[in-house]
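The values are calculated or read from the model by the stated rules, or taken from the named source; none is laboratory data. These numbers were taken from a predicted model, which means no experiment stands behind them. Cβ: placed from backbone, ideal geometry, glycine included. Neighbour counts: every protein chain shown. Protein only, heavy atoms only, side chains kept; ligands, DNA and RNA dropped before computing areas. Shrake-Rupley method; radii C 1.70, N 1.55, O 1.52, S 1.80 Å.
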Amino acid sequence: MDLKSLCINCMLEQVVNGACPGCGKKEGFETGRNTSALPSRTLLCGQYYIGKVLGNGGFGITYLAYDCKRNRRVAVKELFPCKDVEREQSGTAIHIVKGQESYFQHVKKRFLEEAEILYRFQQMPSIVNVFHYFEENNTAYYVMEYLEGTDLKHELRRTGKMDWNRMATHLKPILNALYTLHCQNFIHRDISPDNIFLTRDGRTMLIDFGSVRSYTDGQGFTTFLKECFAPYEQYRENGRQGPWTDIYALSVTLYYALAGVLPQKAPDRLLQDKTKELRYLRPELPGHVSQAVAEGMSVLPENRPQNIPEFAGKLFPGEQVTGRQAQG
């Protein structure tokens, strides 16, 4: 394949007469490309040919890329904490802002730990596959499967609240992904509609493992939260977290998907809970579903289901959803 003429928008076709015959993009469409990003057509690790920018957050940049050794499209995530680093004039390497060296090394360690965790779960159908991770250009990268589709957050904006049958098809793979994660003593800590991805080929994937932590290593947790989705223990420094933490966030995600509204933040609910239960907002839902979501959203951790099989048993009584099903 002639990489110099490969379309950097789709990574599928060769540009002909200044345009891609597949996706229709004209050559040079990225004239306004973010200067913080790697230049298109950069080759990383002698293998990954960089294309368009897929996403740009506060801590990283994700690119569409072509894997020259395995002849496939992939996504490459680059560690780029924008407040702490700058792209050097060379256009590839990064320079750490003076005074941020120690913090950057901490962030890089966490980034590579995230990659290692995901690499460990390769071939799990509902967890995005990471194929490779490495250091280059004074920073770190990991290579993962390229997913086409949309996240649940955008899907709900498009369609409005979901019926139970449709939501159930998305929920079961996520329950299995969390069960697999928890069995290895990890918790996700950031379950929300924007971290559940619906692929064009019909899969439901759990994504963004940047907040994953082991809950059995005896170390305290830093405070991390996504308001409304985060349970009470995540608002407290070194709050006791475990599978029940993910169960709260997943329950709020279900509540939002089925009711179309968000509950109060957990600390507010502890003081005065004004959140209406699903059974009042969607009376047509099966009673056991409304009850399971209500229990999963209990403010106090001890009042929630304590593990995924127990929670799955309440949502899908009589079904074998995970490897080890508790009775509902």
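Which is modelled with pLDDT under 95 and either under 17 Å from the mean Cα position of the chain (by Cα) or open to solvent by 40 Å² or more (accessible area, probe 1.4 Å) (or both), of 221, 186?
Criteria check complete, one pass: 186.
So residue 249 fits all but one of (1) modelled with pLDDT of 90 or more; (2) among the hydrophobic types (A, V, I, L, M, F, W, C); (3) outside any helix (DSSP H, G or I); what number is the exception?
In the conditions (1) modelled with pLDDT of 90 or more; (2) among the hydrophobic types (A, V, I, L, M, F, W, C); (3) outside any helix (DSSP H, G or I), residue 249 misses (3) alone.
When the residues of region 157-183 are filtered to those that are hydroxyl-bearing (Ser, Thr, Tyr) and out of contact with any strand residue (DSSP E or B) (no Cβ under 8 Å at 6 or more places or on another chain), which remaining residue is least open to solvent (accessible area, probe 1.4 Å)?
The selected residue is 179.
Please verify whether residue 24 is open to solvent by less than 30 Å² (accessible area, probe 1.4 Å) and free of Cβ contacts under 8 Å to residues at least 60 places away in the same chain, treating the condition exactly as stated.
Details: open to solvent by less than 30 Å² (accessible area, probe 1.4 Å): no; free of Cβ contacts under 8 Å to residues at least 60 places away in the same chain: yes.
No; evaluated as a whole, the condition is false for this residue.
Surrounded by fewer than 15 Cβ atoms within 10 Å (Cβ to Cβ) and closer than 19 Å to residue 188 by Cβ: is that true of residue 122 in this structure?
yes
Select from region 280-295 the residues that are part of a helix (DSSP H, G or I) and under 23 Å from residue 306 (Cβ atoms) and list them in ascending order. If you could, list the steps in order and put the result at the bottom.
Step one: filter region 280-295 for residues part of a helix (DSSP H, G or I), giving 280-281, 287-295.
Answer for region 280-295, where residues must be part of a helix (DSSP H, G or I) and under 23 Å from residue 306 (Cβ atoms): 287, 288, 289, 290, 291, 292, 293, 294, 295.
Name every residue in region 256-277 that is touching a helix residue (DSSP H, G or I) at 6+ places or on another chain (Cβ under 7 Å), in a helix (DSSP H, G or I) and more than 17 Å from residue 190 (Cβ to Cβ), in order of residue number.
Passing the criteria: 258, 259, 267, 270.
Residue by residue through region 198-218, note down the ones that are part of a loop (DSSP other than H, G, I, E, B), open to solvent by less than 60 Å² (accessible area, probe 1.4 Å) and at pLDDT 85 or above. Break it down stepwise before answering.
As a first pass, look at region 198-218 and keep what is part of a loop (DSSP other than H, G, I, E, B): 200-203, 207-212, 215-218.
Right, trim to open to solvent by less than 60 Å² (accessible area, probe 1.4 Å) and you get 207, 209-212.
207, the sole residue that qualifies.
Condition check ((1) surrounded by 14 or more Cβ atoms within 10 Å (Cβ to Cβ); (2) of a type in the set (Gly, Ala, Ser); (3) assigned to a loop (DSSP other than H, G, I, E, B)) across all residues:
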site	(1), (2), (3)
77	yes, no, no
82	yes, no, yes
95	no, no, no
99	no, yes, yes
104	yes, no, no
109	no, no, no
115	yes, yes, no
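Search region 63-105 for residues being free of Cβ contacts under 8 Å to residues at least 40 places away in the same chain and under 21 Å from the mean Cα position of the chain (by Cα), and hand back the single one that is farthest from residue 131 (Cα to Cα).
Among those that are free of Cβ contacts under 8 Å to residues at least 40 places away in the same chain and under 21 Å from the mean Cα position of the chain (by Cα), it is 81.
Please verify whether residue 264 is modelled with pLDDT under 95, surrounded by fewer than 24 Cβ atoms within 10 Å (Cβ to Cβ), of a type in the set (S, T, N, Q) and closer than 22 Å to residue 314 by Cβ, treating the condition exactly as stated. Before you say what the answer is, go through the steps one by one.
Working: modelled with pLDDT under 95: yes; surrounded by fewer than 24 Cβ atoms within 10 Å (Cβ to Cβ): yes; of a type in the set (S, T, N, Q): yes; closer than 22 Å to residue 314 by Cβ: no.
So residue 264 fails the test.
Can you tell me which residues in region 278-294 are open to solvent by less than 70 Å² (accessible area, probe 1.4 Å) and either in contact with a helix residue (DSSP H, G or I) (Cβ under 6 Å, 6 or more places away or on another chain) or in contact (Cβ under 8 Å) with a residue 12 or more places away in the chain (or both)?
Those that are open to solvent by less than 70 Å² (accessible area, probe 1.4 Å) and either in contact with a helix residue (DSSP H, G or I) (Cβ under 6 Å, 6 or more places away or on another chain) or in contact (Cβ under 8 Å) with a residue 12 or more places away in the chain (or both): 278, 281, 282, 285, 286, 289, 290, 292, 293, 294.
Would it be correct to say that residue 24 is closer than 21 Å to residue 114 by Cα and in a loop (DSSP other than H, G, I, E, B)?
So residue 24 does not fit the description; no.
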